[in-house]
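Encoded as structure tokens, the structure appears first; notes follow it.
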Amino acid sequence: MAAAWAAVFPFIMAPEPHRVWGMGACPGYLCAAVAALSSRPRGRAVSVCLALGGAVVVPFVLLVLTGTAQSEVGVVERSGLLTLRQATPYLPDPHTVGEVTPYLPGMAVFGLPRAVLGESGTLPGALGDARLWCAVAFLGCLWAARRAIRRPAGGPSAVDGGRSAVGGGRSAVGGGRSAVGGGRSAVGGGGGASRGYAVGAFVASPAVALPLCVSGVDLPLTGLLFLALAFAARRRPVAAGLALAAACSLKWTAWPAVAVAVTLLAHHGGTRAAVRGAVVAVGGTVLLVLPSALLSPGPLVQQVFAFPTGRGPFETPAASPLPGRLLADLGPVGWYAAVALLLAGGLAVFVSLLVRPPHALVSAADRLAVGLCVAFLLAPAGRFGYLALPVTLAVLARLVGGAHRKEPAHDLVVRTSRPARPAPVPAARVAR
């Protein structure tokens, strides 16, 4: 399936970066499929490596060395240069759609290496490509999220519903059945390698490999949102708030994640943890966005909020035939109808958080994915590629966090198979 998907790009009127990716990814997927059918012990590992090499490494290196990318990569790199020159990433009076910066100021961080190392064409210039640092941020967030999920939470379990590891008077050491089932620990064990292969295969899939190679600007947002949910599931409000602040300073589409993470924190850590996480998230976002908002308030509003919703001076290139876009094309009445539906959908998701709050990483990621899907489908301007973000969140929650819903074995209640021994009776009492 992936090979067929990649094979289409070289033969259709797709942008050049997509065609280059397809020419490298299709052979890689085919070789990976052959290796997966092999009966050799390392067939799975070889298959994942071939898929990663063909769909990620080869096209990524080729595209970076030649400087071939989607237009948003140039926008991010220009915003980094503008930030160094004028402390704000927005041009005061853009003349073309290519001069518009539809991102919040945090995205300019990924353009700073290009501003420092210079243009592409040389090795130092290639190291300044924004896609490289977007990929580093995404993979770093996955690594940090996996460590956070495997790390024991302080106090009651923060992943499986917050039940105490001491309740019921049951022994935590006695031989017998583990609460994990079958005596298998939730951390480590034979499933660790399988989960690693699954994550590698997903990174090599078109849903991640294609944007990573041709654009990459949405991957840091995805990684930070997933990391924030992982910290919230482990009852770490400050860390979750910092990850949320970083994500919310990249794109305003990350803002709904604050509500999801806060409700997850409230479920596991109570009101105090939820308030701490919310204060850190909102305060951190304000600190990161406020300088540009004060230096160029008009351009920020026009380029970050009005332009993506189709109300700016230039028409947005995000014009996929999604329901919100089709309504907006009907005129002002259709545009207001799309916005009304968008607000109604957002309100419905918010009410669902109050009525049935998420209780674990997977349920929180699913709720955020639903909210983002509603936003992307009903927004007055959008594209199909945006839907990769909620899909990636939902899949990562199952691959990275699904196997760790339970606490590690040393923090869990272990049900003993033998009755507890009666307390010894004092000898003097027996003598009586």
Task: Shape call, segment 29-98: gyration tensor on alpha carbons, a/c limit 1.5 - done: prolate
TODO: Provide the per-residue ³J(HN,Hα) series for segment 302-313, in order, calculated from phi with Karplus coefficients 6.51, -1.76, 1.60 and θ = phi - 60°, each as a whole number of Hz, with x at glycine and proline positions.
DONE: 5, 8, 8, 10, 6, 4, x, 9, x, 10, x, x
Task: Mean Cα-pair separation over length for segment 50-105, i.e. relative contact order, pairs under 8 Å, 6 or more apart, % - done: 24
Task: For segment 262-332: span of alpha carbons on each principal axis (Å, largest first) - done: 47, 34, 18
- [ ] Please give the length that would be gained between A306 and L117 if that part of the chain were fully extended, namely 0.36 nm times their separation in residues minus their C-alpha to C-alpha distance (nm, one decimal).
- [x] 64.8 nm
- [ ] Could you calculate the FRET efficiency of Q86 with D329 from 1/(1 + (r/R0)^6), where r is the beta carbon distance between them and R0 is 35 Å, rounded to 0.05?
- [x] 0.45
- [ ] Note the full-extension length gain between D93 and A45 as 0.36 nm times their separation in residues minus their Cα-Cα distance, in nm to one decimal.
- [x] 12.1 nm
Task: Integer Hz, Karplus 6.51/-1.76/1.60 couplings in order for segment 374-383, x for Gly and Pro - done: 4, 5, 6, 6, 9, 5, x, 9, x, 9
Task: Ranked list, fewest to most other Cβ atoms within 10 Å of each Cβ, for V282, V61 - done: V61, V282
- [ ] Please pull out the direction-averaged projected area of segment 323-382, using the convex hull of its alpha-carbon atoms, in nm² to one decimal place.
- [x] 3.8
Task: V238-L290 FRET efficiency (beta carbon distance; Förster radius 22 Å; 0.05 resolution) - done: 0.60
TODO: Mind running the shape call on segment 268-386? Use the C-alpha gyration tensor, a ≥ b ≥ c as the square roots of the eigenvalues: rounded below 1.5 for a/c, prolate if a/b tops b/c, oblate otherwise.
DONE: oblate
- [ ] Amide H neighbours of S320 under 5 Å, at least 5 residues apart or on other chains, H built in the peptide plane: list them.
- [x] G382, R383, F384
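We did not get these values from a lab; they are worked out from the coordinates using the rules stated. Just so it is clear, the structure is predicted and the values come from calculations on it, not from any experiment. Glycine also receives a Cβ, built like all others from the backbone with ideal geometry; neighbour counts cover every protein chain displayed.
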